[in-house]
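Quick one: the structure is below, questions incoming.
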Ligand SMILES: Nc1ncnc2c1ncn2[C@@H]1O[C@H](COP(=O)(O)OP(=O)(O)O)[C@@H](O)[C@H]1O
Ligand SMILES: [Mg+2]
């Protein structure tokens, strides 16, 4: 057995199990052995003692002629499963129906040598020899073939049982050990490939649903999360590089223009413009970082009770004037006492992004409705408008970072509003769905539905 296999927990457990099973088997066999053989031998011995008692009516002092007569009578009478031998003090046989060397006094179990018999068909005997007062030796024995066969049978069964238990136990242990080892091997191979840089690698599942599968799926889920986080980090790097380039290029352009044409009259306006561009760039960088931070889940630690009703009412009030300026109507229907566990600043940002989108992309003359109500443990929040909406086939694109559907880029923005809002919803374990708000094909509007878990009373 390979040493690695011997060290596996399964093989060790199997060996331990086999050990206990063997101890158990030994005890059971010992009890059976003593019980059956002991009982049989006692019966045999009792029969022999009774027989001797009948022959020696006065014990060892019974007169020799009576003993001889009794032995002869016994030999003549059936049944023939008890055998007798009477020999005088000189070893001369006087009466016998078996041929054995004269035994010494006491109990004997005798087995005939190969090819020999003590009496017709009798090869095993158990009997008692007594020396009488006259010097004669009386030996009375019974056929002990059964006794011996049973003895051999029990010993053989014991050895077979012992061997089979040992073989099955060890084979099972080795089999399980091999399987366990193969599964562990798969985990370490996957681990090594992942360490070598293949983050898409996963641990294969056997499909049996056992502990290894459970462990593997937990590790796989962990790997998927790590892969996602790594992807985020990479994407954030790319995005920052990509997206900060255009505003910086624009800034550089205006500064160069100023440099080439340093007209003092234009300087203050140009500087104000440059500052605005730098601010916009900083805001963009902050938004990218915040998105990464939210997707990383780090903000969950700062969760607290949020009074959503108040938060929504405040936001509606704030945006009412903003909307009015853009010729947009904002109405809010907010149920009282909505509360949840979350990050108030992020929830404000999420809702603000959606209202701002509705104002910006819904166009002037549109109406925005903010609805919040609770059904059991779920708070349903819908921000809808009656603008052009987003066709369902483009929802994915709109939710992607920097995804903007307005090809002409007529509106302000970086395409981070929706992904940020969706990430905040995910952080709160809420569902986030885009849909149409109305049946009107020309202006279907956009309805964003967010279902949040209300704060459970504790
Ligand atoms: N309420 C809306 N109505 C129509 N289109 C919208 C709406 N909200 C978002 N969109 C579309 O989805 C795109 C992505 O939105 P967002 O991520 O907020 O980016 P941004 O607003 O900066 O363009 C927008 O550019 C716009 O084309
Ligand atoms: Mg937006």
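Quick note: the coordinates plus some simple rules give every number you see, no bench work behind them. Note that this is a predicted model, so its numbers are computed, not measured. A quick note on method: Cβ atoms are made from the backbone with ideal geometry, for glycine too, and the neighbour counts reach across all protein chains shown.
Please compute P(r) over all alpha-carbon pairs of the stretch 288-414, binned at 5 Å starting from zero, and give each bin as a whole-number percent.
Bin by bin from 0 Å, the calculated values are 2, 9, 17, 20, 19, 19, 10, 3, 0.
Still on this structure, I have one more. Under the definition of Cα pairs under 8 Å and six or more residues apart, what whole-number percent is the relative contact order of the chain?
10 percent
Also, quick follow-up: Please work out the C-alpha center-to-center distance from the stretch 220-256 to the stretch 40-65 and express it in whole Å.
110 Å
How much space per residue, in cubic angstrom, does the convex hull of the C-alpha atoms of the stretch 343-427 take up?
113 Å³
What nm distance separates the two modelled labels at residue 241 and residue 27, each placed 7 Å from Cα along Cα→Cβ?
If labels sit at residue 241 and residue 27, their model points lie 7.3 nm apart.
Using r as the Cβ-Cβ distance of residue 217 and residue 325, and R0 as 41 Å, what FRET efficiency do you calculate, to the nearest 0.05?
Here the calculated transfer efficiency is 0.20.
Something else now. From zero up to wherever the largest Cα-Cα distance of the stretch 211-295 sits, split into 10 Å bins and tell me the percent of pairs in each.
Bins of 10 Å from zero give 15, 30, 20, 15, 10, 6, 3, 1 percent of pairs.
Quick one: helix 64-76 against the long Cα principal axis of the chain, what's the angle to the nearest 10°, folded into 0 to 90?
On a 0 to 90 degree scale, this one is about 60.
Further, regarding this structure: If packing is taken as the average count of other Cβ atoms within 10 Å, what order do 424-430, 34-40 fall into, highest mean first?
424-430, 34-40
Here is a follow-up. Work out, step by step, the length gained on full extension between residue 117 and residue 199: first 0.36 nm times the residue separation, then minus their alpha carbon distance; give nm to one decimal.
21.2 nm
OK, next. Take the Cα radius of gyration of the stretch 36-96 and divide it by 2.2 N^0.38 Å, with N its residue count; two decimals is plenty.
The value comes to 1.23.
Taking the C-alpha atoms of the chain, how large are the radius of gyration and the largest Cα-Cα span, Dmax, in Å?
For the chain, the Cα-based Rg and Dmax read 50.2, 161 Å.
Now, a different point. Between residue 4 and residue 406, how high is the FRET efficiency from 1/(1 + (r/R0)^6) when r is the Cβ-Cβ distance and R₀ = 60 Å? Nearest 0.05.
Computed FRET efficiency for residue 4 and residue 406: 0.45.
Measuring from label point to label point, each 7 Å out along Cα→Cβ, what is the residue 441 to residue 289 span in nm?
A separation of 4.9 nm, rounded to one decimal place.
For residue 256 and residue 317 in the same chain, what is the full-extension length gain: residue separation times 0.36 nm, less their Cα-Cα distance, in nm?
17.7 nm
How far is helix 308-325 tilted off the main Cα axis of the chain, in degrees rounded to 10, range 0 to 90?
30 degrees
Between residue 37 and residue 77, what FRET efficiency follows from the Cβ-Cβ distance if R0 is 45 Å, with the result rounded to 0.05?
After rounding to 0.05, the efficiency reads 0.95.
May I pose another question? Could you give the spread of the C-alpha atoms of the stretch 3-149 along their three principal axes, from largest to smallest, in whole angstroms?
Here the Cα extents, ordered largest to smallest, are 80, 33, 28 Å.
Here's a follow-up. Need the C-alpha centroid separation for the stretch 197-212 versus the stretch 273-345, integer Å.
40 Å
In addition: Tilt of helix 417-427 relative to the longest C-alpha principal axis of the chain, in degrees (0 to 90, nearest 10)?
30 degrees
Suppose only helical runs count, i.e. DSSP H with n ≥ 4. What mean residue ellipticity at 222 nm does that imply for the chain under -39500 (n - 2.57) per run, divided by all residues and rounded to the nearest 500 deg cm²/dmol?
The helix contribution divided over the chain gives -19000 deg cm²/dmol.
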